[in-house]
Amino acid sequence: MRFVLFFYHPMKSAFKFILNTIPRPILIRLSYLARPVLALVLKGTTFTDPIDGKSFRMFLPYGYGTQRNNVLSPSTLSLERHRLLWLYLQNETDFFTAPKKVLHFAPEQAFYSRFRQQKNLEYTTTDLLSPLADVKADICNLPFDDNTYDLILCNHVLEHIPDDTKAMQELYRVLKPGGMGIFQIPQDLSRATTYADDSILDPKERAAIFGQYDHVRVYGRDYFDKLRRIGFKVIEEDYTVTIHPELVEKYCLAPGEIIPVCYK
């Protein structure tokens, strides 16, 4: 245990430096090398990643500004939101069993290979920069036909997009009638309204105000109503209240995090 604590504190500083200096496409490639080593060093029984079922004595710290402790899984590199979404898809939907045409924006490593292996899914990934993207595309001008996809995953993307209204309209356009979209965002539920300021261009200032150097706004509770104005029917799914508190802690979830489940 002393070794782990000795290892943990300098690791927090190193992770913060890496997140704020290395471009994300390079981070994705490097993480494939680091993951097996981290999983071996931190193996234990305290916390469990529900995505792969592996357990660890601690999870890794994560955060571009203030770092959160015990949030990054050493094995899948999932964060709180990824594990919550996995549990929701697994327990509350037919995502893993029914045939579906799926579009996944900025595909997360925690999901990418697992979703790709699902025989029931016709799975397409898209992003401007990600090495995991099948289709390099601008979310505000998608190269897909109207009413194409049964399910769209677009998580922690919209806070990067200056014209998020246009992006939401494109998501609505390519989703099939009756289809479902999940559009998670970093959200400050204490704010009634979203805050944005296009004049803030300095990365350090953006990180201080918006929470990350490449974010352009902080979403408030009005996010759901904006999606509704686009045309979506939105369910504000407070899913952690349905999970036993011991499992919320065991899986390192964020109590009260809302999953925006959107239907066309």
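Could you derive backbone 3J(HN,Hα) for the stretch 47-58 from the dihedral phi with the Karplus parameters 6.51, -1.76 and 1.60 (θ = phi - 60°), listing whole Hz in sequence and x where the residue is Gly or Pro?
The phi angles translate into 10, 10, 8, x, 6, 10, x, 7, 10, 9, 6, 7 Hz.
Which ³J(HN,Hα) values, rounded to whole Hz and listed in residue order, are derived for the stretch 80-85 from phi using the Karplus coefficients 6.51, -1.76 and 1.60 in 6.51 cos²θ - 1.76 cosθ + 1.60 with θ = phi - 60°, glycine and proline given as x?
3, 5, 5, 5, 5, 5
Taking the dipole about the Cα centre of the stretch 78-226, with the C-beta of Lys and Arg at +1 and of Asp and Glu at -1, give me whichever of 169, 85, 141 is farthest to the positive side.
85
Quick one: grab the alpha carbon gyration tensor of the stretch 194-264, order the square roots of its eigenvalues as a ≥ b ≥ c, and give me rounded if a/c is under 1.5, else prolate or oblate depending on whether a/b is larger than b/c.
Oblate, because a/c is 1.5 or more while a/b does not exceed b/c.
Give the aspartates and glutamates whose C-alpha is closer than 13 Å to that of residue 100, dropping any in the same chain fewer than 8 places away, or say none.
Residue 100 reaches 122, 150.
Testing the spin-label approximation: label points 7 Å from Cα along Cα→Cβ at residue 57 and residue 43. State their distance in nm.
1.3 nm
How would you classify the stretch 105-264 from its alpha-carbon gyration tensor, with a ≥ b ≥ c the square roots of the eigenvalues: rounded for a/c under 1.5, else prolate if a/b is greater than b/c, otherwise oblate?
rounded
Taking amide H positions as placed 1.01 Å from N in the peptide plane, with prolines and chain starts having none, which residues 5 or more places from residue 44, or on another chain, fall under 5 Å of its amide H?
The list, which skips near neighbours in sequence, is 55, 56, 57.
Pulled fully out, how much extra length does the chain show between residue 195 and residue 207, if you take 0.36 nm times their separation in residues and subtract their Cα-Cα distance?
2.9 nm
Give me the dipole magnitude in Debye, nearest 20, for the stretch 70-157 about the Cα centre, with unit charges on the beta carbon: positive for Lys and Arg, negative for Asp and Glu.
Computed charge dipole of the stretch 70-157: roughly 340 debye.
Any aspartates and glutamates with Cα under 18 Å of the residue 43 Cα? List them, leaving off those in the same chain fewer than 8 positions away.
52, 249
Go through 119/233; 119/250; 166/250; 136/264; 136/204; 54/264 and tell me which ones have a Cα-Cα distance over 32 Å in this structure.
Among 119/233; 119/250; 166/250; 136/264; 136/204; 54/264, the Cα-Cα distance tops 32 Å for 166/250; 54/264.
What are the ³J(HN,Hα) couplings of the stretch 228-239, residue after residue, when phi is run through the Karplus curve with 6.51, -1.76, 1.60 and θ = phi - 60°? Round to Hz, x for glycine and proline.
Each residue's phi maps through the Karplus curve to give 5, 5, 5, x, 6, 8, 10, 9, 8, 7, 8, 6 Hz.
Each reported figure results from applying straightforward, stated rules to the coordinates on display, with no laboratory input. Keep in mind that this is a model prediction, so the values were computed, not measured. Reconstructed Cβ throughout: ideal geometry from the backbone, glycine too, with neighbour counts over all protein chains shown.
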